[in-house]
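Inspection log for the structure reproduced underneath, given as structure tokens.
No lab work stands behind these numbers, since they all come straight from the coordinates. Because the structure is a prediction, the values reported are computed rather than measured. Cβ: placed from backbone, ideal geometry, glycine included. Neighbour counts: every protein chain shown.
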């Protein structure tokens, strides 16, 4: 059995990278996915927990996707510096070879730091460089961002997401904004997130998620800094009981993103 270390961030999931992994990893091999934490280039203030969660979402999705292809995969969230992240993963996992995926040279900060050459010289391992331009090539699957809090437990949202499964592979990235800034808010949000992800996976859906800023608009926009998505689904209570709708969340997100935004109402006695 050989161990293959894959180092990628925003290009994780690109067709060329997946093809390269398929060509190298057999059923008895192990793939270690290392995702260095990165901060978005612009936009809202991003908390450290959100940066870590975004990297973990990429790992969770990659592991599920590779598992569906018969590849055993594990993952680590790495240091923000890609060289340090790679060397830490090499020390821990002792891979037999390394695959590093980057944007093209014109837009890759990693290449401007000579990452490929430095890793090869420091480790003495074979290093395969995969160039993926997801901005122009897109991804070989559809990606939906789902924003919900208490209504995530309702059947209405699950039914709507189930209807979106088509011929292409579909990924669902779930964001659960925290309720308030109290000490238990993050714990409660993670609990709801975990329960919702379990329901989606029980339906055979490829999904991962993170908790978000207490303001649902900020939580949505933060997620869009990290992930390329095709559309957005926002679940709220009916208008008479929804603070999100009183804050004009659907229209604001639609105007700010220019992406299709679907609104799912769920009738629940507790306001989201």
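Computed quantities for the displayed model
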{"read-out": "Potential lengthening between residue 153 and residue 23 on full extension [0.36 nm per residue; Cα-Cα distance subtracted]", "value": "42.8 nm"}
{"read-out": "Gained length - residue 125 relative to residue 2, 0.36 nm times residue gap less alpha-carbon distance", "value": "43.0 nm"}
{"read-out": "Where labels lie 7 Å past Cα in the beta-carbon direction, separation of residue 201 and residue 67 in nm", "value": "0.5 nm"}
{"read-out": "Descending principal axes extents, segment 197-256, alpha-carbon based, whole Å", "value": "34, 27, 20"}
{"read-out": "Residue 88 paired with residue 117, simple spin-label distance in nm, labels 7 Å along Cα-to-beta-carbon", "value": "2.6 nm"}
{"read-out": "The chain - convex hull of the alpha-carbon atoms, volume per residue in Å³", "value": "129 Å³"}
{"read-out": "The chain - mean residue ellipticity at 222 nm from DSSP helices (-39,500 (n - 2.57) per run, n ≥ 4, rounded to 500)", "value": "-12000 deg cm²/dmol"}
{"read-out": "Förster-model FRET efficiency, 45 Å R0, residue 255 and residue 16, C-beta, rounded to 0.05", "value": "0.85"}
{"read-out": "Relative contact order, percent, the chain [alpha-carbon distance under 8 Å, six or more residues apart]", "value": "19 percent"}
{"read-out": "For q = 0.09, 0.10, 0.12, 0.16 Å⁻¹, Debye-computed log10 I/I(0) when each Cα of segment 3-135 counts as one equal scatterer", "value": "-0.23, -0.29, -0.42, -0.76"}
{"read-out": "Dimensionless Rg/Rh of segment 142-265 - Kirkwood Rh, Rg from C-alpha atoms", "value": "0.93"}
{"read-out": "Protection-proxy order for peptides 1-12, 245-256, each taking the mean of Cβ atoms within 10 Å per residue, highest first", "value": "1-12, 245-256"}
{"read-out": "Additional length obtainable on full extension of the chain from residue 265 to residue 231, 0.36 nm per residue less Cα span", "value": "10.5 nm"}
{"read-out": "Packing rank of 213-223, 18-28, where each peptide gets the mean count of other beta carbons within 10 Å, highest leading", "value": "213-223, 18-28"}
